[in-house]
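One structure below.
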Ligand code: PEP
Ligand code: MN
């Protein structure tokens, strides 16, 4: 590990830290110079580094053993329609769980665009838990989405379920979504990366943060220009809500990873009544944006009926977050 000190650290504080490191690890630590900064190498295996993290002169601790260099060092810009990552405006992705009727999709897309949503989502091939449930309208649904895009200018975010579809997605879709259940489908990750589109990667419900970041590393390794990391709820011992939104993961990722961190309160909650509080928690923890499921008639939705917001519910939610107290820094 490398302990990197702030450029303004006075020599007396550097000396003090050096002595503290030598004492704690019984280790002949030395101070090294890195540009304008001083640093010290620490042994790799200290599980408890909070004393260094709390030291006001410590800028960052780099753990070399984290095996995702492309994620850690990612530098770049992401432009999706009107949204630009570096401007730090919250990203709103909204739309139905599955694309169903054309007419209602077009009118929903218009309402969402007017409300300030920057990206339209909608499932076309659905990876459902049971093969006997609605599995999407396939390419016909993509045609509806393309009409919605032509009408509103909204870019499209669509889940890629099969490597065989990657080429067609590369020509039509603006953000390629990797669903939670596919997070470690490595062939799919490679095919998605090769489209050269930004990838929205959803965290698998049982994956550790490290595994999530390694899946992102796969995407960057295979040439994806950028990855948007999405926390969508994990499986814990409690199943009162559909999943448990891991708010701590959002805060951790915000602090440690340069990629955008998004949250999906809809799948985490599994119930429209809890989408707003989970969205608020995610933004408070530092999420750069949200994906929310909205349906013109949720009660009739062919998938995820319980969690989808009605249009007026969604508009209220957006208004709530446009209040100055929620403006993102
Ligand atoms: C979705 O967003 O359409 C979806 C199926 O979610 P998840 O992959 O998180 O279950
Ligand atoms: Mn859904």
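Each reported figure results from applying straightforward, stated rules to the coordinates on display, with no laboratory input. Small disclaimer: the values here were computed from a predicted structure and weren't measured. With ideal geometry, Cβ positions are generated from the backbone for all residues, glycine too; neighbour counts draw on all protein chains shown.
Does residue 81 satisfy the condition of being under 21 Å from the mean Cα position of the chain (by Cα) and away from ligand 2 (no atom under 16 Å from the Cβ)? Walk me through how you get there before you give the answer.
Numbers: under 21 Å from the mean Cα position of the chain (by Cα): yes; away from ligand 2 (no atom under 16 Å from the Cβ): yes.
The answer is yes for residue 81.
For residue 128, which of the numbered conditions (1) more than 16 Å from ligand 1 (Cβ to nearest atom); (2) surrounded by fewer than 23 Cβ atoms within 10 Å (Cβ to Cβ) fails to hold?
(1)
Scan 229, 220 and give me the residue that is under 11 Å from residue 71 (Cβ atoms), within 15 Å of ligand 1 (Cβ to nearest atom) and in contact with a helix residue (DSSP H, G or I) (Cβ under 9 Å, 6 or more places away or on another chain). I'd like the intermediate steps shown before the answer.
On the way: 220 fails: within 15 Å of ligand 1 (Cβ to nearest atom).
The unique qualifying residue is 229.
Output the residues belonging to region 162-184 that are out of contact with any strand residue (DSSP E or B) (no Cβ under 9 Å at 6 or more places or on another chain) and within 16 Å of ligand 1 (Cβ to nearest atom).
Initially, region 162-184 is screened for residues out of contact with any strand residue (DSSP E or B) (no Cβ under 9 Å at 6 or more places or on another chain), giving 162-165, 167-168, 171, 184.
Once the filter is applied, which keeps residues that are out of contact with any strand residue (DSSP E or B) (no Cβ under 9 Å at 6 or more places or on another chain) and within 16 Å of ligand 1 (Cβ to nearest atom), region 162-184 yields 162, 165, 184.
A quick yes/no check of all residues on (1) surrounded by fewer than 19 Cβ atoms within 10 Å (Cβ to Cβ); (2) within 17 Å of the chain's Cα centre (by Cα); (3) within 16 Å of ligand 1 (Cβ to nearest atom):
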position	(1), (2), (3)
248	yes, yes, no
254	yes, yes, no
258	yes, yes, no
267	no, yes, yes
272	no, no, yes
282	no, yes, yes
307	no, no, yes
314	no, no, yes
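Of all residues in region 201-246, count the ones that are closer than 15 Å to residue 268 by Cβ, in contact (Cβ under 8 Å) with a residue 40 or more places away in the chain and surrounded by fewer than 21 Cβ atoms within 10 Å (Cβ to Cβ).
1
Report the residue count in region 96-110 for those that are under 16 Å from residue 147 (Cβ atoms) and either touching a strand residue (DSSP E or B) at 6+ places or on another chain (Cβ under 9 Å) or near ligand 1 (Cβ under 9 Å from one of its atoms) (or both).
If we filter region 96-110 for residues that are under 16 Å from residue 147 (Cβ atoms), which is where we start, we get 96, 99-110.
In the following step, the residues that additionally are either touching a strand residue (DSSP E or B) at 6+ places or on another chain (Cβ under 9 Å) or near ligand 1 (Cβ under 9 Å from one of its atoms) (or both) were identified as 96, 99, 105, 108-109.
Residues flagged as under 16 Å from residue 147 (Cβ atoms) and either touching a strand residue (DSSP E or B) at 6+ places or on another chain (Cβ under 9 Å) or near ligand 1 (Cβ under 9 Å from one of its atoms) (or both) within region 96-110 amount to 5.
Exactly one condition in (1) touching a strand residue (DSSP E or B) at 6+ places or on another chain (Cβ under 7 Å); (2) away from ligand 1 (no atom under 16 Å from the Cβ); (3) at positive phi is not met by residue 88; state its number.
Condition (1) is where residue 88 drops out.
If I filter region 57-68 for residues that are away from ligand 1 (no atom under 16 Å from the Cβ), buried (at least 17 other Cβ atoms within 10 Å of the Cβ) and either within 23 Å of residue 204 (Cβ to Cβ) or without any contact (Cβ under 8 Å) to a residue 12 or more places away in the chain (or both), do I get at least one hit?
The answer is yes, given that some residue of region 57-68 is away from ligand 1 (no atom under 16 Å from the Cβ), buried (at least 17 other Cβ atoms within 10 Å of the Cβ) and either within 23 Å of residue 204 (Cβ to Cβ) or without any contact (Cβ under 8 Å) to a residue 12 or more places away in the chain (or both).
Given (1) surrounded by fewer than 16 Cβ atoms within 10 Å (Cβ to Cβ); (2) closer than 22 Å to residue 84 by Cα, identify the lone condition not met by residue 177.
Result: residue 177 passes all but (1).
Restricting to region 70-111, name every residue that is crowded, with 20+ Cβ neighbours inside 10 Å and over 21 Å from residue 282 (Cβ atoms).
Hits for region 70-111 are 98, 99, 100, 105, 108, 109.
Quickly run through region 167-189 and pick out the residues that are farther than 20 Å from residue 153 by Cα and in contact with a helix residue (DSSP H, G or I) (Cβ under 8 Å, 6 or more places away or on another chain). Reasoning before the result, please.
First pass over region 167-189, keeping only residues farther than 20 Å from residue 153 by Cα: 167, 178-189.
178, 180, 182, 183, 184, 186, 187, 188, 189 - these are the residues of region 167-189 that are farther than 20 Å from residue 153 by Cα and in contact with a helix residue (DSSP H, G or I) (Cβ under 8 Å, 6 or more places away or on another chain).
Which of (1) assigned to a helix (DSSP H, G or I); (2) within 30 Å of residue 196 (Cβ to Cβ); (3) out of contact with any helix residue (DSSP H, G or I) (no Cβ under 7 Å at 6 or more places or on another chain) is the odd one out, the single condition residue 266 does not satisfy?
Checking residue 266 against (1) assigned to a helix (DSSP H, G or I); (2) within 30 Å of residue 196 (Cβ to Cβ); (3) out of contact with any helix residue (DSSP H, G or I) (no Cβ under 7 Å at 6 or more places or on another chain), the one that fails is (3).
If I go through region 284-297 residue by residue, how many of them are more than 16 Å from ligand 1 (Cβ to nearest atom), touching a residue at least 40 places away in the same chain (Cβ under 8 Å) and crowded, with 17+ Cβ neighbours inside 10 Å? Steps first, please.
Here is the first cut: in region 284-297, the ones more than 16 Å from ligand 1 (Cβ to nearest atom) are 284-286, 288, 296-297.
Adding the requirement that they be touching a residue at least 40 places away in the same chain (Cβ under 8 Å) leaves 288, 296-297.
The next check asks that each one be crowded, with 17+ Cβ neighbours inside 10 Å; those that pass are 288, 296.
Looking only at that region, the number is 2.
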